[in-house]
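Notes follow the structure.
The values are calculated or read from the model by the stated rules, or taken from the named source; none is laboratory data. The structure displayed is predicted, hence computed values, not measured ones. Note that each Cβ is placed from the backbone with ideal geometry, even for glycine, and that neighbours are counted across all protein chains shown. Just so you know, the surface numbers come from the protein's heavy atoms only, side chains and all, with ligands and any DNA or RNA stripped out. Shrake-Rupley method; radii C 1.70, N 1.55, O 1.52, S 1.80 Å.
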Amino acid sequence: MRVKFEDKFPRFAYRWRYNDDEYSAFSPFTNIAFLPDNEDFVYDNNKGYNVNMANSVRKIVLNGLDALPPDAKEVDILYKLSND
């Protein structure tokens, strides 16, 4: 089964949208959501990288966003890959 994040290293942040349609600054981005597929380091000389550097994350749960500020009406979830 192919894992959705196998070759991706995502990070997340958020920002609030206020009642006057202004936006807050971005929160700091999270650490990279990464679980190694295999703990062993296997360097492939032909490919030039560790072939076991595959992400086995199957599900990512974001929490801590239930404290909506009183003058905010929604939250934007920001998604960024490590190479962006």
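So, residue 52, is that one in contact with a Phe, Trp or Tyr (Cβ under 9 Å, 6 or more places away or on another chain), in contact (Cβ under 8 Å) with a residue 60 or more places away in the chain and assigned to a loop (DSSP other than H, G, I, E, B) or not?
Details: in contact with a Phe, Trp or Tyr (Cβ under 9 Å, 6 or more places away or on another chain): yes; in contact (Cβ under 8 Å) with a residue 60 or more places away in the chain: no; assigned to a loop (DSSP other than H, G, I, E, B): yes.
Judged against the criteria, residue 52 is not a match.
Test residue 4 against the criterion of being at pLDDT 75 or above and either assigned to a strand (DSSP E or B) or open to solvent by 70 Å² or more (accessible area, probe 1.4 Å) (or both), and give yes or no.
Details: at pLDDT 75 or above: no; either assigned to a strand (DSSP E or B) or open to solvent by 70 Å² or more (accessible area, probe 1.4 Å) (or both): yes.
Taking the combined requirement at face value, the residue does not satisfy it.
Residues that are at pLDDT 90 or above and closer than 17 Å to residue 32 by Cα within the range 55-80 comprise 77, 78, 79, 80, listed in sequence order.
Pairing residues of the range 25-44 that are touching a residue at least 60 places away in the same chain (Cβ under 8 Å) and on the phi > 0 side of the Ramachandran plot with residues that are β-branched (Val, Ile, Thr) and surrounded by 14 or more Cβ atoms within 10 Å (Cβ to Cβ), at Cβ distances under 8 Å and at least 6 apart in sequence or on separate chains, gives no pairs at all. For residues that are farther than 14 Å from residue 10 by Cβ and open to solvent by less than 90 Å² (accessible area, probe 1.4 Å), scanning just the range 22-39, find the one that is modelled with the lowest pLDDT. Checked the range 22-39; the qualifying residue modelled with the lowest pLDDT is 38.
Does at least one position in the range 63-73 carry a residue that is surrounded by 10 or more Cβ atoms within 10 Å (Cβ to Cβ), free of Cβ contacts under 8 Å to residues at least 24 places away in the same chain, out of contact with any Gly (no Cβ under 9 Å at 6 or more places or on another chain) and assigned to a strand (DSSP E or B)?
Our first condition is that a residue be surrounded by 10 or more Cβ atoms within 10 Å (Cβ to Cβ); within the range 63-73, this holds for 65, 68-69, 71-73.
Keeping just the survivors that are free of Cβ contacts under 8 Å to residues at least 24 places away in the same chain gives none.
Scanning the range 63-73 turns up no residue that is surrounded by 10 or more Cβ atoms within 10 Å (Cβ to Cβ), free of Cβ contacts under 8 Å to residues at least 24 places away in the same chain, out of contact with any Gly (no Cβ under 9 Å at 6 or more places or on another chain) and assigned to a strand (DSSP E or B).
The numbered conditions (1) open to solvent by less than 50 Å² (accessible area, probe 1.4 Å); (2) modelled with pLDDT under 90 are all true for residue 46 except (1).
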